[in-house]
Every structure is written in structure tokens, then in C-alpha cells.
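Report on the structure given below.
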């Protein structure tokens with residue numbers, strides 16, 4: 001395949017699912033009748049579910065009653081004086097090891113330093129409670145995927161989704177962050193939401209009660225809490 005076509009496929013199709021079809025290809029300006037392209041997509045779909053790479057949790061560790069190296073293979077990590085276990089996190093959990101994930105957000109430090117610089121150079125005393133929430137210029141940059149270095153929406157996948165979702169409010173950003181998740185992609189919730197948001201698909205609700213629950217997400221249960229409320233409504237609970 002030509003390099004420009006490969007780049008278009010890899011950057012334009014932010015996720016792979018059963019719904020990769022002619023429409024997705026046409027949106028990228030590619031010829032759906034190209035035999036090489038058809039073969040490429042078929043081969044790519046055969047790779048779905050295969051491991052992409054070996055990953056290491058940045059802050060996870062396992063605790064056991066006995067020596068860890070008696071129970072699981074251990075190897076040196078890339079970082080000096082660090083070791084990693086060779087088993088997948090799901091296998092560790094299935095064997096009832098105590099698995100703890102420790103996360104730290106460097107972005108909080110970055111934001112604190114930014115506020116300090118603003119106070120020093122702009123003489124504007126800002127913090128998270130005072131900063132303007134709905135800034136049009138900021139959202140215009142976000143819609144263009146100009147988000148490098150912006151926590152939560154700077155990954156390649158998020159940046160590919162931003163021009164499609166076109167967030168204009170803080171709630172749109174909440175949806176943006178949650179929608180690019182494996183569970184929602186595999187559950188076929190992403191494409192219906194995008195089609196409904198873009199006016200390409202009718203918004204409907206099985207019952208009036210569910211419209212009250214799913215109105216803000218256009219009838220698609222994008223959040224776990226919404227799925228729980230849907231289940232409660234279907235089971236006859238109210239309130």
C-alpha cells in the first residue's frame with residue numbers, strides 16, 4: 001500500500017470494530033473498490049484481539065504471602081533497578097494475588113505551576129475554582145485537535161476523535177473522555193452516538209422513562225451510572 005494511504009488509515013480510523021465499513025473508508029477519501037485496500041482491511045480485521053505490545057503499569061505492584069519469585073517469573077525492567085513480573089494483570093488477579101495500582105498525575109503539578117506563572121506575570125489570581133469554564137477560543141482549539149500536552153485529550157486516539165465529536169461544552173468533554181474506551185467501542189455505542197449527534201440517525205428511546213435517563217446522551221448509555229439506572233428502570237424501580 002502507498003505510504004499516504006497507510007497514514008490515512010492509521011490516523012483516520014481511531015478504532016477498529018465490526019463497523020469498519022465502506023462509509024468509514026469513503027470518509028477518508030479512499031476508493032472502496034481498490035482490491036489492495038479491501039485486502040488490507042480484511043487482514044487488519046483478522047488481527048483484531050491480538051496483543052499489540054507488551055505493556056508495563058507505571059505504578060502497580062503485587063503482594064503475596066510467599067516469595068514473589070517463587071510464584072511468578074520476574075525480569076529486569078527497562079528502568080534501572082526495577083523489575084516486572086511476566087504475567088498478565090488478569091492472570092495475577094485470577095490467582096488472587098493482591099494487586100495494587102498506584103497512580104500519580106503530573107498534570108496537577110503542571111497546572112499549579114501555570115497558575116503561579118499567571119500570578120507572577122499577568123497578576124491574575126486564578127485557581128481551579130476561578131478559571132473560566134466555557135472559553136470559546138479554547139474549545140475552538142480542542143475541536144481542531146490542537147491538544148498536545150492537554151491531559152486526557154492528548155492521545156492519538158483522543159485527538160482523532162475530537163474533530164468528529166466537536167466538543168463545545170464541558171459536558172461534551174466528559175463524553176469525549178469516556179467514549180474512547182474499549183468497552184464502549186466493543187459495545188457498539190460510539191458510532192450510534194456520533195451519528196445521532198451529527199443528525200444522521202434518529203434519536204429514539206424504548207420508553208418515556210428511559211428518555212428521562214438517557215436524554216443528555218442521546219439515548220446511548222455512555223456512563224456506567226446510566227447503565228445502572230437503565231437496569232433499574234427496566235426492572236420497575238423508580239426514583
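None of the figures in this text is laboratory data; all of them are computed from the coordinates on show. From a predicted model like this one, the values you see are computed outputs, not experimental measurements.
Just a few scattered comments:
- Here the Kirkwood formula puts the hydrodynamic radius of segment 70-109 at 12.3 Å, using every distinct Cα pair.
- Spread over its residues, the convex hull of the C-alpha atoms of segment 30-145 is 264 Å³ per residue.
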